[in-house]
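Quick notes on the structure that follows.
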Amino acid sequence: MLPLLTAPQIREADAYTIAKEPITSIDLMERASKAFVGWFVNHFPDKKQSITVYCGTGNNGGDGLAIARMLNDHQYKALNVKIARFSNKSTDDFNTNLKRIEQKEISISGIMPGGQFADEESHIIIDALLGSGLNKPLEDDYKRLVNHLNGLNKTVVAVDVPTGFVTDGEVSPDAVVLKADLVITFQQPKINFLLPESGPYIKCMEAVNIGIDEKFVRSLNSPYQLVEETDIRRMLKPRHRFSNKGSYGHALIVAGQAETMGAALLCSAACAYAGSGLTTACVPQSGLNALNSYLPEVMAIVRHDMELPVIEWDKFNTMGIGPGLGTDDMALAFFTDILTNYNKPVVIDADALNLLATHKELWAQIPENSVLTPHMKEFDRLFGEHKSWWQRMKTGIKKAQELKLCILLKNDYTLIISPQGKVYFNPTSNPAMASGGMGDVLTGIITSLLAQQYSSEEACITGAYIHGKAGDELALPSRMNVVLPGQLAARLPVTMAKLMA
């Protein structure tokens, strides 16, 4: 796992690295700028393109000055530096880098408070105005400058953090932020980069290693973690000789109505493809032919309209409940019957979440270490309206701890929130996966992993990762615009085999 730090923790890690390595702050700035330039020159190889570096007078501005000097050394000669002189204060490292760049043949000009902004002829703007220390909205001259630059339709590359964007905490809906086509951030992504509020301001983000002391970063015990492929390789359980279908569990999928059998089929398929030794689907009588035709490998328990099905509870290692189930009286009665009679962890999704939202008395019956898999609207129906994703994350932490269960909150970077209050961000998935039924597949995967004796936390982390990874393997090589859920489910064995190789 890659720890994700808050702004104060970032400063603490910088200070520790400077003291422990030891390295001077100006040399750490040099190292960070070199890492930025290494990525920049690969992404923008045309050295004839004109570039203007906008610098503040703090350490982010010092980064910008060092970057401009290094780009000049790389033979980027159409360079300009503009320094926003909106404060009488400047940091020592900024002043040192200013002296260094003044020895180069680079145009340097100042932007003074209250003045008009000169025309910008450069194709690329490097944003080094303000860094990760911002803790309030932009105002006055910085606000005017950012609004001006946003209106120029230039390619913007931000150093560490786009000016005006807060790295953690709530992002104001009317925040003024310098919109970046690319952010080259230092050491690890900032927490808010992984939440949807970053969408209007950041098109692409890359983190570059600047040598911050990793042992110290891990000692900070951040509750926020970014999942890495090495974590999944460690968690996945390969199959062994002399095993049989009973070795890999028996999952029950409770899903589907006559009009929504697709959800049941997709969920059941994903459960089987993700490795459950036995998969049974509890579906309406009207869906039995569809199930047998689509998935002969999946067994069935048939639901009749006005009576509860007879279920041998002890047969099943876990259940996935909700996709296409409906919210009528029979669905409520069946869901209540499950929670009354079954005490192993279950996966609760879709209509089962909606039943929970409207029948609060059911909460007390949910088995410990169960999994909730809401999207944003379902989450708000469960726990109340939220104005930001930061609020949702904080509520998720509180509720996961209170209820002793895992909450998987769907997002570009899906959040897995554990009963211990940890938040794991999943890095896989892509926009081609934005298609109806994709969540049903995810529920099937997590149910399958629970049946195979993964812990709830492992099932969520691993399930979200392989779900997104399969989508990436389908979409990204051929630049597919859409990946359908059925395609993704069928891809799972290949994706999992690669990760276990």
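Determine how large the accessible area of Thr155 is when every protein chain is in place; take a 1.4 Å probe and give Å² rounded to the nearest 10.
50
As a check on your grasp of the helix formula, calculate [θ] at 222 nm for the chain: sum -39500 (n - 2.57) over DSSP H runs of n ≥ 4, divide by the residue count, round to the nearest 500.
Helix contribution divided over all residues of the chain: -12500 deg cm²/dmol.
What does the net charge come to around Thr428 if you take all other residues with beta carbon closer than 15 Å to its beta carbon, with K and R at +1 and D and E at -1?
Once all neighbours under 15 Å are counted, the net charge is -1.
If one takes the longest principal axis of the Cα atoms in the chain, at what angle in degrees, from 0 to 90 and to the nearest 10, does the Cα axis of helix 389-403 lie?
Around 40 degrees separate the two axes.
What's the tally of Lys pairs in segment 44-171 whose alpha-carbon atoms lie under 15 angstrom apart, where the two lysines are 8 or more places apart or on different chains?
For segment 44-171, the number of qualifying lysine pairs is 5.
Provide the gained length on full extension for the span Ala19 to Asp46, in nm with one decimal, where the gain is 0.36 nm per separating residue minus the Cα-Cα distance.
Difference between extended and current length: 5.9 nm.
Please sort 342-355, 168-181 by packing, taking for each peptide the average over its residues of neighbouring beta carbons within 10 angstrom, highest first.
342-355, 168-181
What size of dipole, in debye to the nearest 20, comes out for the chain about its Cα centre when the only charges are +1 on Lys and Arg C-beta atoms and -1 on Asp and Glu C-beta atoms?
The dipole magnitude comes to about 980 debye.
Output the 0 to 90 degree angle, nearest 10, between the alpha-carbon long axis of helix 438-451 and the longest principal axis computed from the alpha carbons of the chain.
Roughly 70 degrees between the two axes.
For labels at Phe242 and His375 in the simple 7 Å Cα→Cβ model, what's the distance in nm?
Label-label distance for Phe242 and His375, simple model: 4.7 nm.
With a Förster radius of 45 Å, plug the Cβ-Cβ distance of Ser219 and Glu312 into 1/(1 + (r/R0)^6) and report the FRET value to the nearest 0.05.
The calculated FRET efficiency here is 0.35.
Relative to the longest principal axis of the C-alpha atoms of the chain, give the angle of the C-alpha long axis of helix 140-150, reported between 0 and 90° and rounded to the nearest 10°.
Approximately 70 degrees, to the nearest 10.
Between Asp181 and Lys498, what FRET efficiency comes out of the Förster formula 1/(1 + (r/R0)^6) with R0 = 30 Å and r the beta carbon distance, rounded to 0.05?
After rounding to 0.05, the efficiency reads 0.45.
Convert each backbone phi in segment 315-325 into a coupling constant with the Karplus relation 6.51 cos²θ - 1.76 cosθ + 1.60 (shift: θ = phi - 60°), then list the ³J(HN,Hα) values in order as whole Hz, x for Gly and Pro.
5, 10, 7, 6, 9, x, 10, x, x, x, 6
Any chance you could look up the accessible area of His43 with a 1.4 Å probe, heavy atoms only, rounded to 10 Å²?
90
Give me a comma-separated list of calculated 3J(HN,Hα) values for segment 40-45, in order, Karplus coefficients 6.51, -1.76, 1.60 applied at θ = phi - 60°, integers in Hz, x for any Gly or Pro.
3J(HN,Hα) across segment 40-45, in whole Hz: 4, 5, 6, 7, 10, x.
With an 8 Å cut-off on Cα pairs and a minimum separation of 6 or more residues, tell me the relative contact order of the chain in percent.
Relative contact order of the chain: 13 percent.
Relative contact order of segment 224-314, please, whole-number percent, based on alpha carbon pairs below 8 angstrom and at least 6 residues apart.
Averaging sequence separation for qualifying contacts and normalising by length gives 24 percent for segment 224-314.
Quick one: with all protein chains in place, what share of the accessible area of segment 280-331 is carbon or sulfur, to the nearest percent (1.4 Å probe)?
So the carbon and sulfur contribution to the accessible surface is 49 percent.
Describe numerically, in nm with one decimal, the distance between label points set 7 Å from Cα along Cα→Cβ at Gln103 and at Lys136.
3.8
Evaluate the distance, in nm, between pseudo-label points positioned 7 Å from the Cα of Val302 and of Asn289 along their respective Cα→Cβ axes.
1.3
What number results when the radius of gyration of segment 1-57, computed over Cα atoms, is divided by 2.2 N^0.38 Å?
So segment 1-57 has a normalised radius of gyration of 1.47.
Which three lengths, in whole Å and largest first, does segment 358-501 cover when its Cα atoms are put on their principal axes?
46, 35, 25
Can you give the Rg and Dmax of the chain based on its C-alpha atoms, in angstrom?
Calculated on Cα positions, Rg and Dmax stand at 26.2, 85 Å.
Along segment 243-254, what does the Karplus equation 6.51 cos²θ - 1.76 cosθ + 1.60 (θ = phi - 60°) give for ³J(HN,Hα), rounded to whole Hz, x for Gly and Pro?
Couplings: 8, 9, 4, x, 6, 10, x, 10, 10, 10, 9, 9 Hz.
How would you rank 301-310, 89-98, highest first, on the average number of other Cβ atoms within 10 Å across their residues?
Those peptides, ordered most packed to least, come out 89-98, 301-310.
How much accessible area per residue does segment 375-501 have, in Å², with a 1.4 Å probe?
38
Please figure out what share of the DSSP beta bridges in the chain is antiparallel and state it in percent, rounded to the nearest 5.
15
The values are calculated or read from the model by the stated rules, or taken from the named source; none is laboratory data. Small disclaimer: the values here were computed from a predicted structure and weren't measured. Using ideal geometry, Cβ is built from the backbone for each residue, glycine included, and neighbour counts are taken over all protein chains shown. SASA here: full protein model, heavy atoms, side chains in, ligands and nucleic acids out. Shrake-Rupley method; radii C 1.70, N 1.55, O 1.52, S 1.80 Å.
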